[in-house]
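The values are calculated or read from the model by the stated rules, or taken from the named source; none is laboratory data. All values reported here derive from a predicted model rather than from experimental measurement. Cβ atoms come from the backbone with ideal geometry, glycine included; neighbour counts cover every protein chain shown.
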């Protein structure tokens, strides 16, 4: 199994990797499919199903599909250009994707939210259609946004592409047990094995440059969130809090007034800064998803700003280690809140962050695996119940607590010798089974939990 670090950490836009980035990616794939057809397309239509319908408005799924049809991409998104194009589309009821000419698309008529049963393949499904001059559908494709910005067609999902696609890797571990065995046999760290895999499977990629950019985007997101205040969009009137908390922390420095547990406020604030930016539709990095995007960068920022002897030179090893753990979770369970609840998002992110931190603090592969297991184990059963379908409550604070758990898990693992009762593989399988048994109300549909017990306005 090979899943690139750049698949796990993708630059995109908020508020959701599965509900915003994924649908935009699906629209781009559909346009590419149309460009390869011999006939002329006159119009486009789309329908959203399952979780994409129930929480689509709060996650800006409709906007993502519309802009995707217009040719916008998440990895180089220009907010000003997008706003201008949205205004034009609403006024003219057309989109102008490159190479296909001007196509009829009326957002209110041609984009359907289907609140019936989810499609068979996954909770996040969308059907995209192309029409001729008479308005008849001449081609359609079903796509599934399976979490973290990953998108598959119905045929790809049915053929098992998600779990089997990709070139062979020198260290093809598909479980934590295999990962530890290969580390022991090779004498390499998890980051070193991951680096070898990346260079063998993607020889044309500048790995170090790419990893540097991932951290730069993550760090810039934290910095923006720490200096921006105001009210988040969506109608819940949630106030940004990261700036106020951070300003207070800065004012308290050197005053001998702070308790030791104040370090938790720093970790929470770094994570909340990212997720407030995400909720506002800003540029973030999936880690492994948008809803959990704050945990990994907050843990790295904690390491750099608060751990003696920390160095930015170790950040690539952090990211490589974290992506190895995230890949195991995705391969053997899920990173999708619509599939397994928030245990698959913030839980996975905390496991990844704990592993990365343990690694850069000198942990052995066994201690790294233990750190990931501790963090994931103590998120098991966590539901995904966003109020009003927005990635705000409880998501923003939840990332802060995820970062705190990640740091605690890494610390506990480093206090031991790597020998522990519950293997990471068992925790991952338990998460998969728990998600399978979990009621649909608690899997990103906003039909249960806090979503129905907290006033939505």
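Would you check which residues across region 119-140 are in a strand (DSSP E or B) and buried (at least 16 other Cβ atoms within 10 Å of the Cβ) and list them? Can you show your working first?
Keep residues of region 119-140 that are in a strand (DSSP E or B), which gives 124-131, 137-140.
Result: 124, 125, 126, 127, 128, 129, 130, 131, 138.
For region 144-164, what are the residues that are more than 19 Å from residue 2 (Cα to Cα) and either modelled with pLDDT under 95 or surrounded by fewer than 24 Cβ atoms within 10 Å (Cβ to Cβ) (or both)?
Residues satisfying the conditions are 153, 154, 155, 158.
Please work out which residue is nearest to residue 282 (Cα to Cα), limiting yourself to region 83-118 and to residues that are in a helix (DSSP H, G or I) and touching a strand residue (DSSP E or B) at 6+ places or on another chain (Cβ under 9 Å).
Initial filter on region 83-118 (in a helix (DSSP H, G or I)): 83-92, 107-110.
Applying the additional criterion that residues be touching a strand residue (DSSP E or B) at 6+ places or on another chain (Cβ under 9 Å) yields 85, 88-89, 109-110.
Working: 85: 17, 88: 22, 89: 22, 109: 28, 110: 27 Å.
Among those that are in a helix (DSSP H, G or I) and touching a strand residue (DSSP E or B) at 6+ places or on another chain (Cβ under 9 Å), it is 85.
Let me confirm something: among 418, 356, which residue is more than 21 Å from the chain's Cα centre (by Cα) and closer than 24 Å to residue 307 by Cβ?
On the way: 356 fails: more than 21 Å from the chain's Cα centre (by Cα).
From the options 418, 356, the qualifying one is 418.
So, in region 193-222, of the ones that are in contact with a helix residue (DSSP H, G or I) (Cβ under 8 Å, 6 or more places away or on another chain), surrounded by fewer than 16 Cβ atoms within 10 Å (Cβ to Cβ) and in contact (Cβ under 8 Å) with a residue 40 or more places away in the chain, which residue ends up nearest to residue 392 (Cα to Cα)?
Result: 212.
Only one of these conditions is not met by residue 67: (1) surrounded by fewer than 20 Cβ atoms within 10 Å (Cβ to Cβ); (2) touching a residue at least 12 places away in the same chain (Cβ under 8 Å); (3) over 18 Å from residue 131 (Cβ atoms). Which number is it?
It fails just one condition, (1).
Restricting region 70-82 to residues that are under 16 Å from residue 283 (Cβ atoms) and free of Cβ contacts under 8 Å to residues at least 60 places away in the same chain, which is surrounded by the most Cβ atoms within 10 Å (Cβ to Cβ)? Reasoning before the result, please.
Restricting attention to region 70-82, the residues satisfying the condition of being under 16 Å from residue 283 (Cβ atoms) are 72-82.
Next, from what is left, pick out any that are free of Cβ contacts under 8 Å to residues at least 60 places away in the same chain: 72-73, 76, 78, 80-82.
Details: 72: 22, 73: 16, 76: 8, 78: 11, 80: 7, 81: 12, 82: 17.
Ranking the qualifying residues of region 70-82, first place goes to 72.
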